[in-house]
Amino acid sequence: MKNLVIMRYTLKFLLAQVLILGFVSCSKDNPPSPEIKITDTNTEYSVDYTKNSSVTVNFTSATSWSLNNVPKELTVSPTSGNSGSQKLNIKTNSGNETNASKSYSFQIIGGEGTDRVQSTVKITQISAFTLSTKTFTVDKDGGQVQVPFTYNGTDDDPKIYISYDGNFGKMWDRPSNNTKQMELVSLEPITRSNWTATFKIFKNPEKGDREGSFCFTIYKDDNGDETYSSEYLTIKQPGAGANTSTDYSEDGKTFTLQTHTKGSGVPIVLMGDGFVDLDFTNGNYKKKIDRAFASLFVIEPLKSLKEYFDVYYVNVVSKNDAYGEGYETALGVQFEGGHSTGISCDDDAVVKYAMKVDALAKNDFKAGNMQMIVTVNDNRYAGTCVIYNDGTAYSDGLTRGYSIALVPLDTSSETGFEHTLWHEALGHGLGKLGDEYGYEENGTLETTSSEYRWLQAAQKYGLYNNVSLESDVTKSPWAQLAADSHYSAEKLGCYEGAFTYYGGVYRPTDDSIMRNNTDQFNAPSRELIYRRTMMIANDGNFNYNYDDFVAFDKPSWSSTSANTRATNVQVDKHLVRLPLGKPIVKVMKK
């Protein structure tokens, strides 16, 4: 009996051990419950599109905790704490000025080592406006266009405006009693957030198709410093129809407008696209060529370099005098359209016409460095330059190659054509300058990106040396100019935003022709235009001297215009000058 009792106790002991081991084994297979838990019913957190929008996150923690990877766009407090019920106050540091929602996230972490736990907080910052449709069409005779959109604000009586380009400004028939002019009229709320805007569009007086772009805008302060806009919308309108050429007898004839008196000549060839035979018999073609010629030497440094240039023009007769589907022009110009100011053409056709000039056909160096300017017979605001280089990095730091500037007869402002010509032909084309503007949606130019490496290489080949990858002005391409007291009025420095990027690349001045298509060329751009002009004028054999340039540039020493916006371009804050098309860089055929 005693042995039986012992056996019973032994079995009980063994069974207890098995149960304990089983419990331990199960504990290893199932990790402990989270020590940090979001307690809000809705864990999808959303904040308003404006700056300083806030939201509260409630959570519990079984341990002390801290925050990890908080994005710079958010301010979160407190940043650490002890166990128990906790509350985070989250505030946005900037508004969402983009067209889509922005998403941010960070972690609440607690514990150490293998016991470390975390919970992720996700925040969505909505955009101010949402669009269901972005392209609309109206009859050539005009009419009303109804545009639906969603406003995501909570204002009881929002003041919604439109910002628009010059092309849309010519199309929009605004009511005469609209004293504020830009405040949106015929704005009807369907619900608190869903709206319909009605626009009246003029009859299209042009032969070809036209289109304009605009966006909805709301201002959160009186100075317009906190501005939120929708994506751009486009209204398209067909034209009345084009004229067709029957007489091509004027096609290909060449003329000389100016001959150099210094150096060996720097060639500029003017021509037009979209002009029919009637434009040659009634003098319209020559009138437009003369306008381009008159624009060349009225701005520094071209004004002081005029005597080095040869200027020619070539007659180009097109089949039609309009652009769009079904029309044909001699140089094959095409507009990208939509919210783009980009243009393309048949490069080979442009060069073929330019080479009809005998002086260029007989001189390979001059032909290889000529500047071709195409006056495009269309009244819209647009522009692009095709920059060619011969693929060689020269010791003087300058590129060799011709360029094609495409410049429409912009009628959105009195001098729109001239400003576009300066930007495209003299800036991109002659000076091989880069753009000094940036798009917020492009963000920062990262050092690991292919675009960063491309710009580094391009600058070694003499392209885009009016922008810098260095934020320190003493390391920029214009360091010597910035240190020169002659240029103190221009406030040379490194202003962030250039090469179409909002950050990571820098420009010499706050404003310039290469930024907003206004004002003057800044000193670094004038220097680059001067150097290329003198190189070509000396058949590639020019030894640059900085002191010589400074003496040459004396007319611009005291100019502050590179930092002052031209008054004739923007009459109010709602009429916007969109950046011109990004230049197209190509290598010349051997």
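In this entry, residue 463 is excluded by the filter for residues that are within 17 Å of residue 521 (Cβ to Cβ), touching a helix residue (DSSP H, G or I) at 6+ places or on another chain (Cβ under 6 Å) and assigned to a loop (DSSP other than H, G, I, E, B). When 308, 327, 285 are screened for being open to solvent by less than 10 Å² (accessible area, probe 1.4 Å) and hydroxyl-bearing (Ser, Thr, Tyr), only 285 passes. When residues in the range 512-522 are screened for being open to solvent by 10 Å² or more (accessible area, probe 1.4 Å) and either under 24 Å from residue 97 (Cβ atoms) or not in a loop (DSSP other than H, G, I, E, B) (or both), 2 of them pass. Of all residues in the range 153-162, exactly one satisfies the criterion of being open to solvent by 10 Å² or more (accessible area, probe 1.4 Å) and touching a His at 6+ places or on another chain (Cβ under 9 Å), namely 161.
Meeting the requirement of 1 or more residues that are farther than 27 Å from residue 380 by Cα, the helices (runs of 4 or more DSSP H) wholly within the range 215-311 are 302-305. In this structure, is residue 120 closer than 18 Å to residue 66 by Cβ, open to solvent by 30 Å² or more (accessible area, probe 1.4 Å) and touching a Ser or Thr at 6+ places or on another chain (Cβ under 8 Å)? In short, yes.
When the residues of the range 362-401 are narrowed to those that are assigned to a loop (DSSP other than H, G, I, E, B) and without any contact (Cβ under 8 Å) to a residue 60 or more places away in the chain, which ends up most open to solvent (accessible area, probe 1.4 Å)? Break it down into steps so the answer makes sense when it comes.
Start the filter on the range 362-401 by keeping residues that are assigned to a loop (DSSP other than H, G, I, E, B), which leaves 362-363, 368-370, 377-383, 390-401.
Next cut, without any contact (Cβ under 8 Å) to a residue 60 or more places away in the chain only: 362-363, 395.
Details: 362: 170, 363: 54, 395: 131 Å².
Of everything passing the filter in the range 362-401, 362 is most open to solvent (accessible area, probe 1.4 Å).
Of the residues making up the range 123-152, those that are over 27 Å from the mean Cα position of the chain (by Cα) and either assigned to a loop (DSSP other than H, G, I, E, B) or crowded, with 18+ Cβ neighbours inside 10 Å (or both) are 123, 138, 139, 140, 141, 142, 145.
So that you can scan it fast, the table gives a plain yes or no per residue for (1) surrounded by fewer than 17 Cβ atoms within 10 Å (Cβ to Cβ); (2) out of contact with any helix residue (DSSP H, G or I) (no Cβ under 7 Å at 6 or more places or on another chain); (3) free of Cβ contacts under 8 Å to residues at least 24 places away in the same chain; (4) more than 20 Å from residue 547 (Cα to Cα):
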| site | (1), (2), (3), (4) |
| --- | --- |
| 443 | yes, yes, no, yes |
| 456 | yes, yes, yes, yes |
| 470 | yes, yes, no, yes |
| 483 | yes, yes, yes, no |
| 492 | no, no, no, no |
| 496 | yes, yes, no, yes |
| 507 | no, no, no, yes |
| 524 | no, no, no, no |
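The values are calculated or read from the model by the stated rules, or taken from the named source; none is laboratory data. These numbers were taken from a predicted model, which means no experiment stands behind them. Cβ atoms come from the backbone with ideal geometry, glycine included; neighbour counts cover every protein chain shown. In case anyone asks, the SASA skips ligands and DNA or RNA and just uses the protein heavy atoms, side chains included. Shrake-Rupley method; radii C 1.70, N 1.55, O 1.52, S 1.80 Å.
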